[in-house]
Each structure stands twice: as C-alpha cells, then as structure tokens.
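*Asks:* Can you keep this structure in mind? I'll have questions shortly.
The values are calculated or read from the model by the stated rules, or taken from the named source; none is laboratory data. A quick note: this is a predicted structure, and the numbers were derived from the prediction, not measured. Glycine gets a Cβ as well: all are built from the backbone with ideal geometry, and neighbour counts include every protein chain shown.
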Amino acid sequence: MTSTAAAPARILLVDDEANLTELLVMACHVRGWQATGVGTGREAVALARSEHFDAIVLDVMLPDLDGFAVIEKLRGEGIETPVVFLSARDEVDDRLTGLRLGGDDYVTKPFNLDEVIARIEARLRRSVTNGPGDEDDVLRVGDLELDERSHEVTRAGHPIELTAREYEVLLLFMRNPRVVLSKAQILDRVWDYDFGGNGNIVELYVSYLRKKIDAPFPDLENLFHTKRGAGYIMRAES
C-alpha cells in the first residue's frame, strides 16, 4: 500500500536492535514509504523536532531515554505525530501507560512484520480520514462545536484544548450523537483493535473529556452520559 498523500509517507523507526530496524525500513520501502531508522531515544527526539514524519514506530526499551520518556517529550512540545509502540513487555499496565502518554497503538515482541506494517497503515489512513473535507466540516451537539478542518473545539464560544487522542474520541461521539457507544466499539474505532478487552483506557478518556467539556460549564447541561452496562452517549436536550 502506498500513501494516499501527494508525497510518500515518512516513517521514523526507533529501535536499538539494528537488524529489526533494517527489516522495518525495508518493509516500509516496499510499500513506497520513506523510512528513517535510529537506535536511541535522543536521536528520535531530535529528528521528530527537526523533521516532519507521518508516523513513528517507537521501541519502549531503549538504551538512553525509554520510549515513554520520548513520547512525553514530544507530546509536551506539541508534536502529535502518531506513535506505534513496540515492546517485549506485554503487561496491561505498560500498554495503558503508553496510551495515556499519547501513544496510538502498542505491539508486543516478538511480532509479525506484516502486523506492524498494518498498524502503521491504519494510522496513516486515520490521518487522511481526519483531514479536511469538502462539505460542512463543523459538527454540533448542543452548544459544542467541532471544526474538522481546523480541529478547533468550542463550547458556547469558549475554546477547548484537546490532545490528539482526546480529539479522536470526541470526534467519534460527535459523529454519532444520541447513539450509545460501547467500550468495545470505541476501542475498535479509535484504537483500531480491542486492546485485550480492557476498557480502562476508554473510561480514562471519557473522564478527560468530561473534565474539559462538562465540568468547566456548571450552568450548561452535561453532554456526556453513562448508560450502565451499555457504554456512553453524547446528547443535548436543548
């Protein structure tokens, strides 16, 4: 698969196992992507700061900065490039940590090379899907507005700052107003896979959105609602 963008997708591969990095670089080139491989966290941070990449494949266990420290630095500087973690650690806590810090996917070693490439493709497709459209790009639920072209979110005219993942979760709700979304549906459509059936990450992000969209506006109605045993729904009565 080649990128749907005018220029080839650019992928940054970060792993201290040189043989593995070479394999990933070759697999990316076969799909028509441009790939750069580095072996340390500091190199990854420096490149992500100075160059544009469409996706980053990031090993958790690196010889200097670990992958979690790398993504903390990048997200802290406003660099929202999608990140697919690689790790030999399969504990749920590690996966949740990666996603809480702003990661987009998590693949455990040993892995199938085609699986990693498929995860990258999914991130690239999502970036294209979330890009500008030709029709009215402003979604509205009550007094909450989301502009898909600019990614700006406002409530009653007040701007709301969201992380890239918070934006994706909100976008899913606003495209499905008054529809109950289960944790499994949200995991599948935002994280591309069921994450081992663990819905804690969904609860976490719905909590984040409530704190930014409902809690700061006590005089306005709450837009997020929990349907016990079923999932979550976004609706406005007025």
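*Asks:* Residue under question is Leu146, and the condition is that it be modelled with pLDDT of 90 or more, farther than 23 Å from Glu72 by Cα, of a type in the set (A, V, I, L, M) and part of a loop (DSSP other than H, G, I, E, B); does it hold?
*Replies:* For Leu146, the condition - modelled with pLDDT of 90 or more, farther than 23 Å from Glu72 by Cα, of a type in the set (A, V, I, L, M) and part of a loop (DSSP other than H, G, I, E, B) - is not met.
*Asks:* Which one of the conditions (1) loosely packed, with under 14 Cβ neighbours inside 10 Å; (2) within 21 Å of Arg123 (Cα to Cα); (3) within 17 Å of the chain's Cα centre (by Cα) does Arg149 fail to meet, given that it meets all the rest?
*Replies:* Status for Arg149: all satisfied but (3).
*Asks:* Applying the selection to segment 100-134, what residues are assigned to a helix (DSSP H, G or I), modelled with pLDDT of 80 or more and closer than 21 Å to Leu172 by Cα?
*Replies:* Within segment 100-134, Arg100, Arg119, Ile120, Glu121, Ala122, Arg123, Leu124 qualify.
*Asks:* Run down Ala27, Ala48, Ala44, Ala55 and say which single residue is buried (at least 16 other Cβ atoms within 10 Å of the Cβ) and touching a Lys or Arg at 6+ places or on another chain (Cβ under 8 Å).
*Replies:* The match here is Ala55.
*Asks:* Moving on. Determine which single condition Asp214 fails, assuming it passes every other condition in (1) modelled with pLDDT under 90; (2) buried (at least 17 other Cβ atoms within 10 Å of the Cβ); (3) outside the structural domain of Asp105 (by TED's automatic domain parsing).
*Replies:* The one condition Asp214 does not meet is (1).
*Asks:* Would you say Val169 is modelled with pLDDT of 90 or more, within 19 Å of the chain's Cα centre (by Cα) and assigned by TED's automatic domain parsing to the domain that holds Phe217?
*Replies:* So Val169 passes the test.
*Asks:* Looking at the structure I just gave you, is Ile201 under 27 Å from Arg123 (Cβ atoms), of a type in the set (Val, Ile, Thr) and not in a loop (DSSP other than H, G, I, E, B)?
*Replies:* Yes; evaluated as a whole, the condition is true for this residue.
*Asks:* Has segment 68-88 got any residue that is more than 24 Å from Glu168 (Cα to Cα), in a loop (DSSP other than H, G, I, E, B) and modelled with pLDDT of 90 or more?
*Replies:* no
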